[in-house]
Structures are given as C-alpha cells and as structure tokens.
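Participant: My questions all concern the structure below.
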Amino acid sequence: MDKHMRLPFIAFLYAFTLMAETAVAAEPIRLGVTTILSGPNAERGLSERNAIEMALKHINTNGGVLGRPVEAIYVDNAANVNKGIAAARQLIDKDHVSVLIGALATPVTRAIMPVANAARIPLVIDISAGQEFVDAAGVGGFDYIFKTSPSDWDVATAMMQWLKTHDVTSIAILSDGDTFNQANTIAMAKAAKEVGIEVIAREEITEGEVDLSAPIKRLEEAHPDRIVTLLGRSNQAFFKAYEKSATDIPISGRIDFTAALNTLTPKFINSGKFDQAMGISVFMPTVAKDGLAAFIQNYQHNYGTAPTQRSIFAYEAVLLIVDAVRRAGNDTPADIHHALKSTHMASLLGGNFTMDIHNHPHTNLQIIGLRDSKITQINSVTNNTP
C-alpha cells in the first residue's frame, strides 16, 4: 500500500475504532428483574437469571440494540410480597430501568402489577402462569402489563380443544391438592365445559396418599372417555397404580412422561397399552428441534444443566423486549410499551408473539406421547380462544 492510500486507510480505521469504542461506552439500556434469588426456591430464580444473561450475551455480542449494550439489574424478592414491592420500586425509582421482568412467585407478581402500571413502566410477566394476569392486563385495566408465557387457561383450552377434535365427550379429573394443580383442575374443567366435554368425576389426592388404586377405580367406574391427570408429587404413585389397574381408559392432561418412563415397567410400555396417553406440554426439551434445540444445547454448554420452561420463557422475554426497543427507536418506557403492543416476533416454541387485547400472545403448545418407548411430539397446538 503506497503512502497516498495509507493515510485514508488509517483515517478509516481510526474512525471505525472510535465508533466501536463509543458503542461500547454508550449508556446501557437497563432491564429490571425481580425474581427469587434466595430461600428454598432460589434455584427457580437462578434458571430464569441464567437464561436472561444468555440472551443478553447473544444480544451484546451482536452489537447490542441501537448501538447500546443491554444490561439486567437483579433485585431478589425471596418470594415475599413486601420485598417484591420494594424491589420493583427500587428498580423503577433508583435504577431507572426501562422495563421490568418478574416476579416468578405468583403473590409477588400480583403485588407489583399496580406498582409498575402506576409508574407507567412496562412489566413483562415471563413466568407466573395464572390466567388472572392475562385477564387484568391490557383492556383488563393494567395496560402496562404484558403476560408473555402461556397461562393455565391457554394450556387447558388447547388440551380440551384437541380432545374435542378426537371425539372425546367425557373426562374424569385426577389431581394433586396443591395450589398449582388445583388451579389447573379449575381451568381444565371450565375449558371442557366450553367445548362441550362433560366432567363426570373428580378425585383429589391428599398429601401422603400413596396407594391410588381406590381413586383410579372410582374414576374407572364413571366410564369417562379419558382420565385427565394433573399431578406433581403423586406421579410415581399414580403410574404404579395405573399399570396395576389394567384399565383401558387412556390418560391426558399435563403428563410427566419422564416420570412415566422411570416408573412403568418395560413390559407395560412395550405392550402398547400406554400409547394412547396424550399429554400437553409448554416445553419439552427431549423433542426440541431447530432453534429451540440450539437454545437447549447452548444453555447446557453455559450452565452444565438442562434448561427448564422458566428458562425458555425468560430468554424469549428478553428477545421480545429488545425487539420492542429496536422498533421504538429508544428506551423510553412509553415508546417501548407502544412497541410491545405491536409485537410480531417468532417464538422458538412455535407460533408468534402477537399481542391480543390483553397484551398476551398465544404461542404453540405440544401434544406429547410415547412412541417406541420414546417421548415424542404428536402435534403442535395453540389456544384458539381470543
């Protein structure tokens, strides 16, 4: 390169370096996160934080947004309402975040909604599953609230709509008595009624109940087309009793197929008697493909463990927020709020983040079953209720 070309080239390199340094030094766009980072459920908050940090690393490695880096500021709420309110106020008043993400614990999420809405700071509820948050958001009165992950009503209606298309006219429900599964029981029963499926029997498993042969027998005697299971602590006891019962009534619901494979005998599984079991899932790592499979692999590489559904929900919430900032052209909360409402972004779970009048999208869910002793995606469905 001769001296006449060298000077312009050096000037170009200097200008490029100066622009890069300016981008690095630019004031970051701040996201405020309040989640559970201490106490017995801290591991849940960690899986959320890990995914947020993974998303931010991806975003910032690729130049940030609007020439600025994006950072998250975390304040622990310890699943405590008072701490959660204090955390939200700190993030809004002292840290001056543009968007809030939270709060994982349902009571805390419920408590910080009015705080964020009054401050006119968008709150993205990425994990808390209650339909109450959807109902309250948007036209429900809390216009700055966005519920981005599937609610228990989304899951229930998608399950019942799918069963209806497979000629199911009656179900019986078997559930654990904890708050989460009881909320799902209510949602499933309501969704069944709306599509014309009759709930002809219900059984609730009390804590410590280990022999489930009697409740299964009672449900069998009602002669439903399907037994819908909503279980957590009783999964192992149920699968043992289900195999022993030799009932020919198939099961549906939120089935833990990993627990089924670890509990049912190979003889029973190989007999094909469990092939009619069809569950619904919001996130099933074992059947993930394409971008979702890449997310799972990257998460495992970074943290040495498999991601949970909390992880994918948090990861996509960050991408959704950054997409809104990009389209807004700035990090002003009011402009981000407006941009979030017009979101149309593909989800790794399938479908799109397109907000309805309650600031809630309807991404895909998976119908899961066993095929050749392997957990398999049978279909991809969504909640068709506006």
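Participant: Enumerate the amide H contacts of GLY232 below 5 Å, restricted to partners 5 or more residues apart or on another chain; note that Pro and chain-start residues carry no placed amide H.
Facilitator: Answer set, sorted by chain and number: ASP176.
Participant: What is the helix-to-structure angle for 235-245, meaning the angle in degrees between its Cα long axis and the longest Cα principal axis of the chain, kept from 0 to 90 and rounded to the nearest 10?
Facilitator: The two axes meet at around 30 degrees.
Participant: Averaged over all directions, how much area does the convex hull of the C-alpha atoms of segment 330-381 cover when projected, in nm²?
Facilitator: 4.8
Participant: Output the pairs from LYS57/LYS289; LYS217/LYS267; LYS190/LYS289; LYS217/LYS240 with a Cα-Cα distance over 25 Å in this structure; if there are none, say none.
Facilitator: Violating the 25 Å Cα-Cα cut-off are LYS190/LYS289.
Participant: When only alpha-carbon atoms count, how far does the chain stretch along each of its three principal axes, as whole angstroms with the largest first?
Facilitator: Between the extreme Cα coordinates on each principal axis of the chain lie 90, 51, 38 Å.
Participant: In bins 10 Å wide, starting from 0, what share of all Cα pairs of segment 230-342 does each bin hold, as a percent?
Facilitator: 12, 29, 24, 19, 10, 6, 0
Participant: Moving on. May I ask you to list the aspartates and glutamates whose Cα is less than 14 Å away from that of LYS244, ignoring any residue fewer than eight positions away on the same chain?
Facilitator: Partners found: ASP211, GLU220.
Participant: Also, quick follow-up: Give me the aspartates and glutamates in straight-line cross-link reach of LYS147: C-alpha distance below 17 Å, same-chain residues under 8 apart excluded.
Facilitator: GLU48, ASP126, GLU132, ASP135, GLU316, ASP323, ASP356
Participant: Using DSSP, restrict attention to beta bridges with both residues in the chain and report what percent are antiparallel, rounded to the nearest 5.
Facilitator: 30
Participant: Measure nothing but the geometry: give the 0 to 90° angle between the long axis through the Cα atoms of 309-328 and the longest principal axis through the Cα atoms of the chain, rounded to 10°.
Facilitator: 40
Participant: Excluding residues on the same chain fewer than 8 positions from LYS193, give the lysines whose Cα lies under 16 Å from its Cα.
Facilitator: Output for LYS193: LYS164.
Participant: Which of the trypsin sites (Lys or Arg not before Pro) across segment 51-133 are loop residues per DSSP, with 16 or fewer other Cβ within 10 Å?
Facilitator: ARG120
Participant: Relative to the present Cα-Cα distance, how much length would full extension add between HIS166 and HIS301 at 0.36 nm per residue of separation?
Facilitator: Working it through step by step, the gained length comes to 44.6 nm.
Participant: Please sort 207-213, 352-358 by packing, taking for each peptide the average over its residues of neighbouring beta carbons within 10 angstrom, highest first.
Facilitator: Put in order of decreasing packing, that is 352-358, 207-213.
Participant: Select from PHE257, GLN236, THR308 the residue farthest towards the positive end of the dipole of segment 227-324; place +1 on Cβ of Lys and Arg, -1 on Cβ of Asp and Glu, and compute about the Cα centre.
Facilitator: Towards the positive end, the residue furthest out is GLN236.
Participant: Then there's this: Over the chain, average the accessible area per residue using a 1.4 Å probe and give it in Å², no decimals.
Facilitator: 46
The values are calculated or read from the model by the stated rules, or taken from the named source; none is laboratory data. What you see is a predicted model; the values in this text were computed from it and never measured. Methodologically, a virtual Cβ is constructed for each residue, glycine included, from the backbone with ideal geometry; neighbour enumeration extends over all protein chains shown. All accessible areas refer to the heavy atoms of the entire protein, side chains included, with ligands and DNA or RNA removed. Shrake-Rupley method; radii C 1.70, N 1.55, O 1.52, S 1.80 Å.
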